[in-house]
Amino acid sequence: MTIDMRMTRQLPASPEEVFDAYTDAEKQKIWFSILDEEPGIVEIDVDLRVGGKQTAVWGPSPDMLFRETQTFLEIERPRRLVTESVGSSPDGETMTTHIEITFEERDGGTLMTVVQSGFPTPEVRDFFAGEAWSGALDRVEAYLARERSRG
């Protein structure tokens, strides 16, 4: 049995803007630490094509780094993105999951839906839903709001 997570967030931008904020390495580097008082290490490289990879390395210090490599399986800009994610934590634990994200125009913005499957335990799934994805989407939303206020 696979353990899945599904969450949605309404974001204040078009599907194109949200898709690009989520997949562009330079934009990710900005939003990744936008809400942090003390930004840590953030390295991101994106090869946005089917079969390409996105690699992100982040953490508070060189000896406390998280790593994630996502392989792009399907890309339908700006509507859908499917990846296989392999992540590792500073303690050496690794996890492979499948992620499908949709970007649907709704109410003058974008409804972003994330479905991630393959969690090893309900506790890990709950951490991703309550902390990891929730925090990432908070950051994307703050980035998009900041870009809107500049425009």
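Couplings 3J(HN,Hα) of segment 77-86, computed from phi: 5, x, 9, 7, 9, 10, 9, 9, 10, 10 Hz, in residue order, whole Hz [Karplus 6.51 cos²θ - 1.76 cosθ + 1.60, θ = phi - 60°; x for Gly and Pro]. Relative contact order of segment 52-99, taken over Cα pairs closer than 8 Å and 6 or more residues apart, is 29 percent. Pairs of Cα atoms nearer than 8 Å and 6+ residues apart set the relative contact order; for the chain it is 30 percent. Between 139, 125, 49, the residue with the greatest mean-square fluctuation in the GNM of the chain (Cα pairs under 10 Å linked by springs) is 49. Spin-label model, residue 74 to residue 106: label points 7 Å out along the Cα-to-beta-carbon direction sit 1.8 nm apart. Between residue 47 and residue 1, the FRET efficiency from the beta-carbon distance, with R0 = 22 Å, is close to 0.10. Global size of segment 26-102: 13.3, 37 Å for Rg and Dmax (C-alpha atoms, Rg to one decimal, Dmax whole).
The residue list 82, 124, 94 was ranked by how far each Cα lies along the charge dipole of the chain toward its positive end, using unit charges on Cβ atoms, and 82 comes out on top.
At q = 0.18, 0.20, 0.22, 0.25 Å⁻¹, what is the log10 ratio I(q)/I(0) for segment 76-151, with the Debye formula run over Cα points and no solvent? Debye curve over Cα of segment 76-151, log10 I(q)/I(0) at q = 0.18, 0.20, 0.22, 0.25 Å⁻¹: -0.88, -1.02, -1.14, -1.29. GNM remark for the chain: springs join alpha carbons under 10 Å apart, and the peak mean-square fluctuation among 15, 62, 78 falls on 62.
Computed over the chain with a Gaussian network model linking Cα atoms closer than 10 Å, the most mobile of 38, 105, 68 is 38. Each Lys and Arg adds +1 at its Cβ and each Asp and Glu adds -1 at its Cβ; summed about the Cα centre, the chain shows a dipole of about 400 debye.
Values quoted throughout were computed directly from the atomic coordinates according to the rules given, and no laboratory measurement underlies them. Everything numeric in this text was worked out from a predicted model, so none of it was measured. For neighbour counting, all protein chains shown are included, and Cβ atoms are generated from backbone atoms with ideal geometry for every residue, glycine included.
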